[in-house]
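Beneath this line is the structure, given in structure tokens, with notes to follow.
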Amino acid sequence: MQEQLQQLKDEAIGKIQAASTVKELQDVRVAYLGKKGPITDLLKGMGKLPAEERPKMGALVNVVREEVTAVLDERLVILEDAAIAQQLENESIDVTLPGRPVKTGNHHPLTRVVEEIEDLFINMGYEIAEGPEVEKDYYNFEALNLPKGHPARDMQDSFYISEDILLRTHTSPVQARTMEAKGGEPIKIICPGKVYRRDSDDATHSHQFTQIEGLVIGENIRMSDLKGTLSVFAKKMFGDDREIRLRPSFFPFTEPSVEMDISCFKCGGSGCNVCKKTGWIEILGAGMVHPNVLEMAGYDSKRLSGFAFGMGPERIAMLKYGVEDIRHFYTNDVRFVSQFHRTEV
């Protein structure tokens, strides 16, 4: 294992030194130190070693990780300085030139998608509910049928401020707070907002992203109501000829739970690069509100029922506009944002 560690370290340092841009360096960091990287895998595999070898090997792995991290940080400073120097050279200002006209701005693509979804559900009779981004563990997990120690919490690596305070990992706490405030009355809301998870940024993941969740509670709310709602959503967002399918899934706060797919809007279901040759594209998760969640919020689960759903506007925007990297939404590059000029009045 020592030889493997040395080989990993040499290989990582070689790629670090070969990286010529900050992006390439970040890719190396994720490849070797990310949650799925080989060094992390070695740490996860420590439990398979004899007890007497674990302290020694654990120390060796940590030393390698620290050395690779140090080289990464040193290389990052060099590349960032070089990038700034190049930017200063390329963007020098000739003060003798006449002034340039100020261009009119336009909506960010995520803002456009969020507002489009909000308008759709408002027209269906929903209200918009909001809540704090710095949230209590109780509302973020426990009130949603995720008690302390529940294994499903591992699916959401969190930014904890204290033992009981964290940055919310989804907008579901808004649902829990709304149910508590309503005191057993019917609910029909959507909850848009930013959420946070401790994740390595790449083309499809971000430590900060947007969610829109929906909640309906009342008498005789059925799965057929959920399917009808999601069908209307899919047709309005992606075209009237879209079909949906619901696949069984698991979420602690709904039972039964489903994943919703839409028929591919690019190939019509015949198979292409967008739908990965399946004819279907996964869009969101949903399900019937778990009786435990209803009871904890003061609802009579034998008399009232409900459904909930959650979606990511970034994923929908990427599909609608053909964006290949989620990081484009957050770089504040005017060249990117200006492609989505709003023409409607």
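Take Glu89 and tell me if it is assigned to a helix (DSSP H, G or I) and open to solvent by 80 Å² or more (accessible area, probe 1.4 Å). When the stated conditions are applied, Glu89 passes them.
Taken over region 148-189, the residue count meeting the criterion of being among the charged types (D, E, K, R) and either modelled with pLDDT of 95 or more or under 28 Å from Gly218 (Cα atoms) (or both) is 6. Is it the case that Asp300 is touching a residue at least 12 places away in the same chain (Cβ under 8 Å), in contact with a helix residue (DSSP H, G or I) (Cβ under 8 Å, 6 or more places away or on another chain) and either open to solvent by 40 Å² or more (accessible area, probe 1.4 Å) or in a strand (DSSP E or B) (or both)? Yes; evaluated as a whole, the condition is true for this residue.
Of the residues making up region 133-149, those that are in a loop (DSSP other than H, G, I, E, B), open to solvent by less than 50 Å² (accessible area, probe 1.4 Å) and in contact (Cβ under 8 Å) with a residue 40 or more places away in the chain are Asn145, Leu146.
Tyr32 falls short on exactly one of the conditions (1) in contact with a helix residue (DSSP H, G or I) (Cβ under 7 Å, 6 or more places away or on another chain); (2) open to solvent by 70 Å² or more (accessible area, probe 1.4 Å); (3) without any contact (Cβ under 8 Å) to a residue 40 or more places away in the chain, and that condition is (2). Can you tell me which residues in region 251-268 are over 15 Å from Met311 (Cα atoms), open to solvent by 40 Å² or more (accessible area, probe 1.4 Å), in contact (Cβ under 8 Å) with a residue 12 or more places away in the chain and out of contact with any helix residue (DSSP H, G or I) (no Cβ under 6 Å at 6 or more places or on another chain)? Result: Glu255, Pro256, Gly268. Total residues in region 35-48 satisfying the condition of being open to solvent by 40 Å² or more (accessible area, probe 1.4 Å) and more than 14 Å from Val63 (Cα to Cα): the figure is 7. Could you please find all residues in region 153-181 being surrounded by fewer than 17 Cβ atoms within 10 Å (Cβ to Cβ), without any contact (Cβ under 8 Å) to a residue 24 or more places away in the chain and either not polar (S, T, N, Q) or not assigned by TED's automatic domain parsing to the domain that holds Tyr126 (or both)? Result: Asp154, Met155, Tyr160, Ala181. The residue that is farthest from the chain's Cα centre (by Cα), counting only those in region 185-209 that are over 14 Å from Ile128 (Cβ atoms) and open to solvent by less than 20 Å² (accessible area, probe 1.4 Å), is Val195.
Candidates in region 1-21 are the residues that are part of a helix (DSSP H, G or I) and β-branched (Val, Ile, Thr); of these, the one that is surrounded by the most Cβ atoms within 10 Å (Cβ to Cβ) is Ile16. Only one of the numbered conditions (1) among the acidic types (Asp, Glu); (2) open to solvent by 70 Å² or more (accessible area, probe 1.4 Å); (3) more than 20 Å from Gly34 (Cβ to Cβ) is violated by Glu213, and that is (2). Can you confirm whether Pro101 is without any contact (Cβ under 8 Å) to a residue 24 or more places away in the chain and either in contact with a Ser or Thr (Cβ under 9 Å, 6 or more places away or on another chain) or over 30 Å from Tyr330 (Cα atoms) (or both)? When the stated conditions are applied, Pro101 does not pass them.
Inside region 271-297, residues that are open to solvent by 70 Å² or more (accessible area, probe 1.4 Å) and either free of Cβ contacts under 8 Å to residues at least 60 places away in the same chain or farther than 15 Å from Phe253 by Cα (or both) make up a count of 6. Answer yes or no as to whether Val64 is touching a residue at least 12 places away in the same chain (Cβ under 8 Å) and either under 28 Å from Asp325 (Cα atoms) or open to solvent by 80 Å² or more (accessible area, probe 1.4 Å) (or both). No; evaluated as a whole, the condition is false for this residue. When you scan region 247-263, do you find a residue that is in the same structural domain as Ile128 (by TED's automatic domain parsing), out of contact with any strand residue (DSSP E or B) (no Cβ under 8 Å at 6 or more places or on another chain) and over 21 Å from Asp325 (Cα atoms), even just one? Yes, region 247-263 contains at least one residue that is in the same structural domain as Ile128 (by TED's automatic domain parsing), out of contact with any strand residue (DSSP E or B) (no Cβ under 8 Å at 6 or more places or on another chain) and over 21 Å from Asp325 (Cα atoms).
The values are calculated or read from the model by the stated rules, or taken from the named source; none is laboratory data. Being a predicted model, the structure only gives us computed values, none of them experimental. As a convention, Cβ positions derive from the backbone with ideal geometry for all residues, glycine included, and neighbour counts pool all protein chains shown. Surface areas here come from the heavy atoms of the whole protein model, side chains and all, with no ligands, DNA or RNA. Shrake-Rupley method; radii C 1.70, N 1.55, O 1.52, S 1.80 Å.
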